[in-house]
Amino acid sequence: MYAVVTTGGKQVRVAQGQMFRVEKIEAPVGDTIELSKVNLLAKDDQLVVDPAVLASAKVVCTVMGQGRAKKIRVFKKKRRKNYTRTQGHRQHYTELKVREIVA
């Protein structure tokens, strides 16, 4: 059984026991979070996309950690204008582990 949930503006396919990273959620480590925006459920080789059923579905997760992703370099250049700018960025994330999928 798996589900597709929307969190942080992105859609993620999750299964029970799986760990995944999402955009930062303000919650302490060890806390329980419910992701209620479920877009799709897969049970026993059947896909559930009925909005009435998905409205009551949720994915219960545990916060396993907070962190920052690997640094990326943002480089801008305009040729022949003596213009270059280098900037770095590290995105904050929350690592979640799926405890159960409630349908």
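For the stretch 86-101, how many residues meet the condition of being of a type outside the set (S, T, N, Q), without any contact (Cβ under 8 Å) to a residue 60 or more places away in the chain and part of a strand (DSSP E or B)? Explain how you work it out, then say what you get.
Keep residues of the stretch 86-101 that are of a type outside the set (S, T, N, Q), which gives 88-90, 92-93, 95-101.
Narrowing further to those that are without any contact (Cβ under 8 Å) to a residue 60 or more places away in the chain: 88-90.
Next, only the ones that are part of a strand (DSSP E or B) stay: 88-89.
Of the residues in that region, 2 qualify.
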Query raised in the report: Is it the case that some residue within the stretch 46-62 is surrounded by 11 or more Cβ atoms within 10 Å (Cβ to Cβ), closer than 14 Å to GLU95 by Cβ and modelled with pLDDT of 95 or more?
Result: yes
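Please go through the stretch 49-102 and give me each residue that is hydrophobic (A, V, I, L, M, F, W, C) and either farther than 24 Å from GLU23 by Cα or touching a Cys at 6+ places or on another chain (Cβ under 7 Å) (or both), ordered by number. It would help to see each step written out before you state the result.
First, the residues of the stretch 49-102 that are hydrophobic (A, V, I, L, M, F, W, C): 49, 52-55, 57, 59-61, 63-64, 69, 72, 74-75, 96, 98, 101-102.
If the condition is that a residue be hydrophobic (A, V, I, L, M, F, W, C) and either farther than 24 Å from GLU23 by Cα or touching a Cys at 6+ places or on another chain (Cβ under 7 Å) (or both), then VAL49, ALA52, VAL53, LEU96, VAL98 are the ones that fit.
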Requested in this report: Starting from the stretch 64-85, keep only residues that are free of Cβ contacts under 8 Å to residues at least 24 places away in the same chain, then list their pairs with residues that are surrounded by 10 or more Cβ atoms within 10 Å (Cβ to Cβ) and of a type in the set (Val, Ile, Thr) whose Cβ atoms are within a distance under 9 Å, requiring at least 6 positions of separation or different chains.
Outcome: PHE75/THR84; LYS76/THR84; LYS77/THR84; LYS78/THR84
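Going by the structure shown, is VAL38 surrounded by 13 or more Cβ atoms within 10 Å (Cβ to Cβ) and without any contact (Cβ under 8 Å) to a residue 40 or more places away in the chain? Show your work before the answer.
Working: surrounded by 13 or more Cβ atoms within 10 Å (Cβ to Cβ): yes; without any contact (Cβ under 8 Å) to a residue 40 or more places away in the chain: yes.
Against the criterion (surrounded by 13 or more Cβ atoms within 10 Å (Cβ to Cβ) and without any contact (Cβ under 8 Å) to a residue 40 or more places away in the chain), VAL38 qualifies.
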Query raised in the report: Considering only the stretch 8-33, how many residues are of a type outside the set (Gly, Ala, Ser), surrounded by 13 or more Cβ atoms within 10 Å (Cβ to Cβ) and not in a strand (DSSP E or B)?
Result: 4
Report task. Can you run down the residue pairs with Cβ atoms below 7 Å, 6 or more apart or on separate chains, where the first is in the stretch 20-32 and closer than 18 Å to GLY9 by Cα and the partner is aromatic (Phe, Trp, Tyr)? Result -> ARG21/TYR93; VAL22/TYR93; GLU23/TYR93; LYS24/TYR93
**Report entry** Failed criterion for ALA69 (all others in (1) within 16 Å of the chain's Cα centre (by Cα); (2) among the hydrophobic types (A, V, I, L, M, F, W, C); (3) closer than 17 Å to VAL14 by Cβ hold)
**Finding:** (3)
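The values are calculated or read from the model by the stated rules, or taken from the named source; none is laboratory data. Nothing here was measured: the structure is a model prediction, and the numbers come from that model. Glycine also receives a Cβ, built like all others from the backbone with ideal geometry; neighbour counts cover every protein chain displayed.
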